[in-house]
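Notes follow once the structure below has been shown.
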Amino acid sequence: MNGYSMPVGSDLCLNFCATGYYPDETEPICLGLGAKFNIDFTQHQSNSIWSSTVNDDVTWTVSVFGGLSELTAKRDDPIEIEHRGLYFDGIYKLATVRGLTLHHTFAVGFWAKPHSDGTLFSSSKIYDSGVEKSIHFGIVNKDLEFEDKNHYFYKSTSRRSVLYNTW
């Protein structure tokens, strides 16, 4: 099919390639070595915009900024703590990632020192049809929970496994 490519290691046929890959001009496949982006929130950046650039045959830049607005600080911006990172409250404080298209297999890693229940990581998109495709990883009643609405999957620990104020 014209305009569609297969990601490396997959039998999926998509109309985009993940960040770090690009469509081959002759075959319907995505080429590239992938990309590892390391965003270090312990180092202050100008305008609170952190970015990481990877160069291959094409250049990709992924940027992260506090809240929903890239140019102005608002209530939804996380609090910067020098040499430690960003503080999110799990309710209002958030970061926006721009320029990143995830591969069909990916990993997200982070350290967290939770002070209460709340969201640790979420990604979502609501389509015009009203269909929500999202993933959520968080803490509820001292239990970790993971939900993938795209695949109707939910999993939660059941032993109050989260210790507050502990790394």
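Things worth noting here:
- Simple spin-label estimate for A112 and R98 gives 2.6 nm between the two label positions (7 Å along the Cα-to-Cβ direction from each Cα).
- Estimated FRET transfer efficiency (H136, D24; beta-carbon r; R0 25 Å; 0.05): 0.15
- Taking Lys and Arg as +1 and Asp and Glu as -1, the other residues whose beta-carbon sits under 9 Å from that of Y92 total 0.
- Computed from the Cβ-Cβ distance with R0 of 35 Å, the FRET efficiency linking R160 to I126 stands at 0.65.
- If you take the Cα centroid of segment 124-149 and the Cα centroid of segment 80-119, the two points sit 15 Å apart.
Read-outs: derived from the displayed coordinates by stated rules, not from any lab. Note that this is a predicted model, so its numbers are computed, not measured. Quick reminder, even Gly has a Cβ in these numbers, built from the backbone with ideal geometry, and neighbours come from all protein chains shown.
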